[in-house]
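J.: Sharing a structure here in structure tokens format.
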Amino acid sequence: MILYFMRHGIAVNRDEKGKPPDDRERALTPKGIKRMHKAAKGLLTLSLPLDRILTSPFVRARQTAKIVAETLHMEDRLAEIQELGPDRSVQDLLSGLAAHSGDKHILLVGHEPLLSSTVSFLLSGSAGAEIRLKKGGLCCLEVDRLPPKQSAVLHWALTPKQLRQMAR
């Protein structure tokens, strides 16, 4: 199984005036939307054989996933799962992914530190490795199964800037 981890795009700051009082409602900024459209076009050049796009229920992640799904013409394969929320644990996420074990290539759109902790856990067996995904960044791991029996293999990681440059 190939798992692609993508952090949501640039969102409204928590302390910005006029921002929604609930963190769940923070949206992408106009700059975040523009950059995610370009990054999604870069993602398109990779011709990834995605079976499913799963997203956090939080607005900024849903917006990011929708931009990617529309660019890849995969709106019908986009789904929300609660286990991708920033308040969830690595074990919650892995349990939630078990329902999608029939899919071989899954893009996960979510938040820090959950995504990096999950990548760390899958690679090393603990969530302690210093891994950080930038907003709009993407990495690709191969796991033997879910839940995994062996350590995952990191195939590649791309910064958001690299994804945007691929769109040119």
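J.: Just the residues that are of a type in the set (Asp, Glu) and either under 11 Å from the mean Cα position of the chain (by Cα) or outside any helix (DSSP H, G or I) (or both), please, taken from segment 88-121.
T.: Of segment 88-121, the ones of a type in the set (Asp, Glu) are 92, 103, 112.
The answer is Asp103, Glu112.
J.: Considering only segment 46-86, state which residues are outside any strand (DSSP E or B) and of a type in the set (D, E, K, R).
T.: Keep residues of segment 46-86 that are outside any strand (DSSP E or B), which gives 46-51, 56-77, 81-86.
Within segment 46-86, Asp51, Arg60, Arg62, Lys66, Glu70, Glu75, Asp76, Arg77, Glu83 meet the criteria.
J.: Among (1) surrounded by fewer than 18 Cβ atoms within 10 Å (Cβ to Cβ); (2) among the aliphatic types (A, V, I, L, M); (3) out of contact with any Pro (no Cβ under 8 Å at 6 or more places or on another chain), which single condition is Ile67 missing?
T.: Here Ile67 meets the rest and fails (1).
J.: Just to be sure, is Ala27 more than 15 Å from Leu163 (Cα to Cα), in contact (Cβ under 8 Å) with a residue 12 or more places away in the chain, open to solvent by 10 Å² or more (accessible area, probe 1.4 Å) and of a type outside the set (D, E, K, R)?
T.: Working: more than 15 Å from Leu163 (Cα to Cα): yes; in contact (Cβ under 8 Å) with a residue 12 or more places away in the chain: yes; open to solvent by 10 Å² or more (accessible area, probe 1.4 Å): yes; of a type outside the set (D, E, K, R): yes.
Yes.
J.: Another question about this same structure. Test Lys38 against the criterion of being open to solvent by 50 Å² or more (accessible area, probe 1.4 Å), free of Cβ contacts under 8 Å to residues at least 40 places away in the same chain and either in a helix (DSSP H, G or I) or of a type in the set (Val, Ile, Thr) (or both), and give yes or no. If you could, list the steps in order and put the result at the bottom.
T.: Numbers: open to solvent by 50 Å² or more (accessible area, probe 1.4 Å): yes; free of Cβ contacts under 8 Å to residues at least 40 places away in the same chain: no; either in a helix (DSSP H, G or I) or of a type in the set (Val, Ile, Thr) (or both): yes.
Against the criterion (open to solvent by 50 Å² or more (accessible area, probe 1.4 Å), free of Cβ contacts under 8 Å to residues at least 40 places away in the same chain and either in a helix (DSSP H, G or I) or of a type in the set (Val, Ile, Thr) (or both)), Lys38 does not qualify.
The values are calculated or read from the model by the stated rules, or taken from the named source; none is laboratory data. Please read all numbers here as calculations on a predicted model, not as lab measurements. Cβ coordinates were reconstructed from backbone atoms using ideal geometry, including for glycine residues, and neighbour counts include every protein chain displayed. Note: accessible area is taken over every heavy atom of the protein model, side chains too, but ligands, DNA and RNA are not part of it. Shrake-Rupley method; radii C 1.70, N 1.55, O 1.52, S 1.80 Å.
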